[in-house]
Amino acid sequence: MKTQRAQLTPQMLTYDDFDDRSEVRYLPYLMYFHRADFRSEVINTDRLGFRLSHGSGGTASVGGETPDGPVRLLAGTSTVLGLGATSDAATMASRLWTEHAPSKPWLNLGGRSLNSAQNLLLYTLHRHLLPPVDEIVYFDGFNNLALARLPESQRGENGAFFFCGEYYDAMDDLRANARKAQGRRKADKKIPAEEGPRPLADVIADAAALTARHLDALKAMTTADGTKLTYVLQPLATWLRDEPAPQEKVLFDELDRISKMGTWEKLYGEISTPEAGAQYADALRAELEKKDIGFVDFTPILRSAVSPADWLYVDRAHFTDLGNDVVARLLAETLTLS
């Protein structure tokens, strides 16, 4: 019997394949990135793993064919990548290029499961491939907030990253093997002291400060080129409205039942409330104002433009085709993009 997820969002089965942990590409510096040259009816990537975007002039991608420029970049994480869209043409970058702000081509600089440090590196390591960039719209927010809840031993100076526990365990094993090969005594493994849940105020403050630090570095690289940079805080479904649309409720309930890691409430409950979203927006606004970086809290903008019955999300973070299109239209209107 098909799950509700398979019936309502069959494209998600392709994303499951695309995101298969056994197929993860581990890369120097960046840690990991998407499968390269992936081909399907749902998602396609170039030789470096960047998703293709569609426009009136054809298709383009960071590691593939690029227009002469100037271009615009839509940067961020899996929501920008377009996880949930039924095709490359239905992502936010494609809808901007095709319909809502088509005066310049849009390239997709979205990265699955990346934090702000990794997003900065993604741009830095591939800047040489880009034509002149007129504008960067950085649509993000959830990942840094979720990762700021991890223990200090995993956050370090530059923030935690997804799967970092596996990384640190593997590095411990490498050191142990090296000591064994040298005939040295096995070092006592340092086990970090138990840490309780971090206070929400600290989580929000750290996530906002880290985001601002990395965006400031991105601004320093792009200002000389005349590139405009705007940060847009993505709206989680739980920040947007108290009751999800009917299809969303079916999907959210099923995802909670089948999740091997626990329900969304168990995993992210304290950062998922509208109050937490508003506090995070205020913290980001304050930090980015210090850096003179444009900021938009997108939750109230989207909330005022949709009805309770509009099916916007495939899960609590990623959009349906309708969601991508509505967000792209509102982005163009809010940022006065043509």
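Observations on the model:
- Qualifying residue in segment 110-133 (condition: more than 27 Å from residue 161 (Cβ to Cβ) and at pLDDT 95 or above): yes
- The residue that is farthest from residue 160 (Cα to Cα), counting only those in segment 7-25 that are of a type outside the set (Ser, Thr, Tyr) and under 18 Å from the mean Cα position of the chain (by Cα), is 12.
- Of all residues in segment 222-240, none are among the charged types (D, E, K, R), crowded, with 18+ Cβ neighbours inside 10 Å and touching a residue at least 24 places away in the same chain (Cβ under 8 Å).
- Scanning segment 312-325 turns up no residue that is surrounded by fewer than 18 Cβ atoms within 10 Å (Cβ to Cβ) and over 19 Å from residue 12 (Cα atoms).
- Positions within segment 128-158 being aliphatic (A, V, I, L, M), more than 27 Å from residue 223 (Cβ to Cβ) and not in a loop (DSSP other than H, G, I, E, B), in sequence order: 146, 147
- Residue within segment 261-271 that is within 18 Å of residue 84 (Cβ to Cβ) and either in contact with a strand residue (DSSP E or B) (Cβ under 7 Å, 6 or more places away or on another chain) or of a type in the set (Val, Ile, Thr) (or both) present: no
- Some residue of segment 324-335 being modelled with pLDDT of 95 or more, in a loop (DSSP other than H, G, I, E, B), among the β-branched types (Val, Ile, Thr) and under 20 Å from the mean Cα position of the chain (by Cα): no
- Residues that are crowded, with 19+ Cβ neighbours inside 10 Å, in a helix (DSSP H, G or I) and in contact with a Leu (Cβ under 8 Å, 6 or more places away or on another chain), drawn from segment 285-302: 288, 298, 299, 302
- Count of residues meeting criterion [within 17 Å of residue 41 (Cα to Cα) and surrounded by fewer than 23 Cβ atoms within 10 Å (Cβ to Cβ)] in segment 57-89: 6
- For segment 20-34, a tally of residues being surrounded by fewer than 17 Cβ atoms within 10 Å (Cβ to Cβ) and either in contact with a Lys or Arg (Cβ under 9 Å, 6 or more places away or on another chain) or at positive phi (or both) returns 5.
- Tally of residues being in contact (Cβ under 8 Å) with a residue 12 or more places away in the chain and of a type in the set (Asp, Glu) across segment 278-291: 1
- The number of residues in segment 94-121 that are within 21 Å of residue 154 (Cα to Cα) and buried (at least 24 other Cβ atoms within 10 Å of the Cβ) comes to 5.
- When residue 254 is tested against (1) over 27 Å from residue 330 (Cβ atoms); (2) out of contact with any Lys or Arg (no Cβ under 8 Å at 6 or more places or on another chain), exactly one condition is not met: (2).
- Count - residues of segment 26-53 that are within 17 Å of the chain's Cα centre (by Cα) and outside any loop (DSSP other than H, G, I, E, B): 6
- Failed item in (1) assigned to a loop (DSSP other than H, G, I, E, B); (2) more than 19 Å from residue 235 (Cα to Cα), with residue 169 passing the rest: (1)
- In segment 153-170, of all residues being among the charged types (D, E, K, R) and farther than 17 Å from residue 26 by Cα, the one that is surrounded by the most Cβ atoms within 10 Å (Cβ to Cβ) corresponds to 155.
Yes/no matrix, rows are residues, columns are (1) within 21 Å of residue 138 (Cα to Cα); (2) among the hydrophobic types (A, V, I, L, M, F, W, C); (3) under 21 Å from the mean Cα position of the chain (by Cα); (4) modelled with pLDDT under 95:
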position: 219; (1), (2), (3), (4): yes, no, yes, no
position: 231; (1), (2), (3), (4): yes, no, yes, no
position: 235; (1), (2), (3), (4): yes, no, yes, no
position: 240; (1), (2), (3), (4): yes, yes, yes, no
position: 257; (1), (2), (3), (4): no, no, no, no
position: 260; (1), (2), (3), (4): no, no, no, yes
position: 269; (1), (2), (3), (4): no, no, yes, no
position: 277; (1), (2), (3), (4): yes, no, yes, no
position: 280; (1), (2), (3), (4): yes, no, yes, no
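The values are calculated or read from the model by the stated rules, or taken from the named source; none is laboratory data. All of these numbers come straight from a predicted model, not from anything done at the bench. A quick note on method: Cβ atoms are made from the backbone with ideal geometry, for glycine too, and the neighbour counts reach across all protein chains shown.
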